[in-house]
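Taking it in order: structure first as structure tokens, then the write-up.
The values are calculated or read from the model by the stated rules, or taken from the named source; none is laboratory data. The structure displayed is predicted, hence computed values, not measured ones. Positions of Cβ are generated from backbone atoms using ideal geometry, with glycine treated the same way; all protein chains shown enter the neighbour counts. We work out accessible area using only protein heavy atoms, side chains counted, and drop any ligands, DNA or RNA first. Shrake-Rupley method; radii C 1.70, N 1.55, O 1.52, S 1.80 Å.
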Amino acid sequence: MSYAYLFKYIIIGDTGVGKSCLLLQFTDKRFQPVHDLTIGVEFGARMITIDGKQIKLQIWDTAGQEAFRSITRSYYRGAAGALLVYDITRRDTFNHLTTWLEDARQHSNSNMVIMLIGNKSDLESRREVKKEEGEAFAREHGLVFMETSAKTAANVEEAFINTAKEIYEKIQEGVFDINNEANGIKIGPQHSTSGGASGAGGAGAAGAAGGGCC
Amino acid sequence: MDFLKSGLKTVLGAPEPGQQPSAAETVERLVDRVNNSTLLEDRRDACRALKAMSRKYRVEVGAQGMETLKQVLELDRADNETINYALDTLNNVMSPSQFEEEEDNPHIPMNIGEQFTEMFIKDHHNIQLVLELLDEYDFRVRLSVVQLLTSLLTNRPKDIQEIILVKPMGVSKMMDLLSDTREVIRNETLLLLIKLTKGNANIQKIVAFENAFDRLFEIVSSEGYSDGGIIVEDCLLLMLNLLKNNSSNIYFFKEGSYIQKMLPMFHAPDESEDAGWSPQKVSNVHCMLQIARTLVSPSNSVQIISCCQKIMKNVGLLDSLCNILMASGVPADILTETINTVGEVVRGDVTNQDFLGNVMAPSNPPRPAIVVLLMSMVNEKQPFSLRCAVLYCFQCYLYHNEMSQAGLVQTLLPSSTDVSSLTSGQLLCGGLFSSDVLSNWFSAVALMHALTENPAQKEQLLRVLLATNIGSSPVSLLHQCTLLLQQTTKLQSKVALLMLLSQWMSYCPPAVSAFLKVPGGVGYLVNQTCSNEHDDNEYLLQGLSAFLLAICIHFNDDSAENYTKDSLKQLLLKRIGMETFTAKLSEVTKHELYNKAAKHPQLRVKMPAEILIDYEFCRLFKVLESVLIQSLIEKKQDESNELNHERSSPESGTLEQYKSLIRQQDARLQELLSQVEGLVQQNQSLQGALNDSLASNSHLKDENTMLKAQLSTAKSLPSNQVQPPSQDNTKLIEYEEKIKQLTAEVTRLDTDLRVSRDSQKLAAEELETLRKDQDDLLVLFADQDLKLNEYKMRLISLGQPVDEDSVEPQQNLT
């Protein structure tokens, strides 16, 4: 189980938007229609491949409820990536994005990659938030955007992997200080030499093979 | 706070003029100076003086100075020295421990530190102030803050945990201190984090998220692993806090490949170096074993356990543990805990169980490690806790593993008698019948675990024969156990044997049958169950005997002639009674030690006397208790009504039709017959009743005449009895009425019978007439045929051609 890098992610967003289901779909490739309310924070992990390199994702799935907000704030600082999730069938979860984003920007390190996710794209008939609105919000705040369905698994792999790609590119560009583990990035045990220079050109190569690696 | 001040005055007495100023006055003056001085130096001096006084006069300093000191933390932040004095003073005031200086002052309440802490944390902002000071790099300040927070946490752990949890970056800031290059700060931070993480899952998760495991393993490795000092122990204690009852962190620990990093802790000491184990090393290794056990604890989810077990095997951790097990010079408590750990690492994992089964001890001749362990278990001289650990380890070795269960039983079977080597089975049998009561108990329970959920081995074990005395014929193990049960007077042995037999005989009719054939077995159980001693342990014995008796009934295949299912049931109902039986059965779960045992697979006992019930037995009991009661209550099911004669007939439909007709008639006939039978019976009973009443009637008549006679004789006397005859008369009338009714009933039934007989006769007659008619017709037809032939002949003789076919239809018509 050796890896080149380890990235820490957090998943944030209102309660009931499907954060835990996204994680479960990504780590276990299954969907659980009835999910218990997350208490505090839960943990999941999976290995992916980007640019031919094994990358370990450690994902902390936070509770969306207001009562846990102060606890989940403690996780922003040490994360390299965040998935900010809303529910396309519930307008209010989209409206709250600004608050979430402010919170994240305030407590996280400035380089944290944030991916905006409109979940439950399988429920087209009950859609309340247009895809264009999500795109506009992402553009305005400099986020990457994607609509996913934890139920059908549509775009779930891509959401996690694209975030990892973005982080990987930032490492190649030297934006991240990879020796400071407080940024949510760790160099793998066998990767002792400074890992930046070698694959700078091929950062865009996809982890399509990564999907089936575990 | 005023009441405290006034309280102090009464405690210390009012100051007398001309004397030295009292402590309270001095404190008051100092606090005044901190509050009002404009010069920083003055404030600093005053703070220093307050700090100096705070150890001896903490009540005064705390009561008067707390507000002021808080202000210093806020306003004098620029001056590290002042801040430092203020922090130290606060720490002294709220310290959970008693100072030497105040030992001779009896007026200081025991929990004074806690009371001041309560006052201090009422305003959450105060904690925020202290946390912010963590950003200060100055050594003294940082150290003081850490110590102050540790004191606060010691006094009010739950409150402080909740406050810190909601402060942004509260936990993260403390985690940063773990990377402080100054060892003193790092070490104090460890103590702080141990207190901070105790019992709070949310904080534990944040600490783990902040790379705690990486940091801690770095420290442990830099300190030299198990040979390191108390810092290693602190690191391990913190890890233990993070993992205990926190499945999310356990999962993280496993995913983060930290199990591999535990490995160097368990390197067995070289044979050559004979330095022995320092007490610190014992503590360190003990903590590490605790961590390993936390990962594979039976209370975790099955997935986590099995994942961790596989990793532990693959990275060689199990191997290292087994090396410690077999190494020489290992202290007894480490050995005990290692045995427990090995047990939990193999529990329920076939690969790991096999691995343990193949470990050989470096003895001469080499023996399997399991055998060596069992030798310790049945050895009276070994420490009690070690023997318990071996039992637990052995149970784990057998748990959910039919192969290892079969392996154990195999060593007892006659086919595999390899006399030269000692086997685990022989050790257990030896223990079972030894004079040491603990050996009895351990061996019985160990054997019981070889049979858990394994019907095949239950039958195999029945084949085991023991040579008791030279010359006498061998006896079966079950027989011997039953005899021992009747002979022994020791409670623990009795309970152990009852548990073993219960496990053995449940779901195994052959074992039940074998038990029933042992003389005195059933009688013993019945007597035990009926026994009327009043004592918790006696109740338990009665309950266990009742349980085993019920197993004999429920799993009885009626192969023992004297004790079939029904006869045993009758015996139980008659001798004991259903209610007493259920009451006795329920006594088992009321026993204190039963409830203790039911909580966790591992025995958690401190003294040999507490050993009584086994966890697996509790499970068996829970499952079977209601089943057994149910099976005693329900009536014997009707086994008849299962006449399903199914024959596929190739004949035509008409045949089926007739058959069904016959069947209908048959049924009707049956019905009528039974009706007749019923009526006859009714008739008989009525006849009987009639006879009875006639007899009683005549009897009454006699009595009546006698009474009349008496009455007439009494008339001469001044009599007073008149009522009885009249009463008799009414009775007589009643009876006569009844008789009338009965005779009417009889005649009605008679007519009924006659009518049905008549109808039967009528039907027979009809049948007869029909037959007669048919005969007549046949005769007629023969006549006709004759005539027809005659006419045919005549026509032929007259030269008329005759069409043969034309005749046919006529023939067919008949």
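Summary of computed values
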item: Relative contact order of the range B:444-575, defined on C-alpha pairs under 8 angstrom at six or more residues apart (%); result: 23 percent
item: MRE, 222 nm, helices only [DSSP H, n ≥ 4, -39500 (n - 2.57), over chain B, to nearest 500]; result: -23000 deg cm²/dmol
item: Note, ³J(HN,Hα) from phi for the range B:484-493, Karplus 6.51, -1.76, 1.60, rounded to Hz, x at Gly and Pro; result: 4, 4, 6, 8, 5, 10, 8, 4, 4, 5
item: Spin-label pair B:A23/B:I739, simplified geometry with 7 Å Cα→Cβ offset, distance in nm; result: 11.4 nm
item: Per-residue HN-Hα couplings for the range B:424-440 [Karplus 6.51, -1.76, 1.60; θ = phi - 60°; Hz; x = Gly/Pro]; result: 4, x, 4, 4, 5, 5, x, x, 4, 10, 7, 7, 7, 5, 5, 4, 4
item: Whole-percent carbon and sulfur share, accessible surface of the range B:648-797, 1.4 Å; result: 57 percent
item: Difference of contour (0.36 nm per residue) and Cα-Cα distance, B:A78 to B:K490; result: 140.7 nm
item: Residues along the range B:141-184 losing 50 Å² or more of accessible surface when the other protein chains are present rather than the chain by itself (probe 1.4 Å); result: B:M169
item: Student exercise, the range A:5-187 dipole from Lys, Arg, Asp, Glu Cβ charges, in Debye to nearest 20; result: 320 debye
item: Calculated FRET value between B:H107 and B:N562, using beta carbons and R₀ = 60 Å, to 0.05; result: 0.15
item: Listing of the range A:57-80 residues, each with accessible area lower by at least 10 Å² in the full protein assembly than in the chain alone (probe 1.4 Å); result: A:Q58, A:W60, A:S70, A:I71, A:R73, A:S74, A:Y75, A:R77, A:G78
item: Amide hydrogen neighbours beyond the local backbone of A:I114, cut-off 5 Å, H modeled; result: A:A82, A:V144
item: Using alpha carbons only: equivalent-ellipsoid semi-axes of the range A:5-187, gyration tensor based, whole Å; result: 24, 17, 17
item: Shape call, the range B:648-797: gyration tensor on alpha carbons, a/c limit 1.5; result: prolate
item: With DNA, RNA and ligands ignored, accessible area of A:L37 (1.4 Å probe; Å², nearest 10); result: 100 Å²
item: Ratio Rg/Rh [Cα only; Rh per Kirkwood] for the range B:363-445; result: 0.95
item: Listed residues B:M239, A:A150, B:N35: farthest to the positive end of the dipole of the protein assembly as shown (Cβ charges); result: B:N35
item: Residue-wise HN-Hα coupling along the range B:134-140, computed from phi with Karplus coefficients 6.51, -1.76, 1.60 (Hz; x: Gly, Pro); result: 5, 5, 5, 7, 3, 4, 4
item: Protein-only accessible surface order, largest first, of B:H124, B:H267 at 1.4 Å; result: B:H267, B:H124
item: Solvent-accessible area buried by pairing A with B, both sides, nearest 100 square angstrom, 1.4 angstrom probe; result: 2100 Å²
item: Dipole magnitude (debye, nearest 20) for the range B:315-394, charges at Cβ of Lys, Arg, Asp, Glu; result: 240 debye
item: At R0 = 45 Å, FRET efficiency that the Cβ-Cβ distance of B:V166 and B:S434 yields, to 0.05; result: 0.15
item: Cα radius of gyration and Dmax for the range A:72-138 (Å); result: 12.8, 38
item: List of the range B:198-214 residues, accessible area with partners at least 30 Å² below that of the chain alone (1.4 Å probe); result: B:N202, B:K205, B:I206, B:F209, B:E210, B:N211, B:D214
item: Distance (nanometres) between label positions extended 7 Å along Cα→Cβ at A:V144 and B:R463; result: 6.5 nm
item: Amide proton proximity set for B:E453, modelled H, under 5 Å, gap of 5+; result: none
item: Å² of accessible area per residue within the protein assembly as shown, as computed with a 1.4 Å probe and no ligands counted; result: 50 Å²
item: Inter-probe distance in nm under a simple model that places probes 7 Å from Cα toward Cβ, at B:S257 and B:E136; result: 4.2 nm
item: Net length gained if the chain between B:E703 and B:R754 were fully extended (0.36 nm per residue, minus Cα distance); result: 14.4 nm
item: FRET efficiency estimate (nearest 0.05) - Cβ-Cβ, B:D773 to B:E677, R0 35 angstrom; result: 0.50
item: Residues with amide H under 5 Å from that of B:A361, placed H, sequence gap 5 or more; result: B:R367, B:A369
item: About the Cα centre, charge dipole magnitude for the protein assembly as shown (Lys/Arg +1, Asp/Glu -1 at Cβ), debye; result: 1200 debye
item: Segment B:K622-B:Q570, extension gain: residue separation times 0.36 nm, minus the distance between their alpha carbons; result: 16.2 nm
item: Among B:S297, B:L133, B:F266 - extreme Cα towards positive end, dipole of the protein assembly as shown, charges at beta-carbon; result: B:L133
item: Residue among B:T713, B:L778, B:I733 farthest towards the positive dipole end of the range B:648-797, charges placed on Cβ; result: B:T713
item: Rg over Rh [alpha-carbon atoms, Kirkwood Rh] for the protein assembly as shown; result: 1.21
item: Percentage, to the nearest whole number, of Cα pairs in chain B over 43 Å apart; result: 62 percent
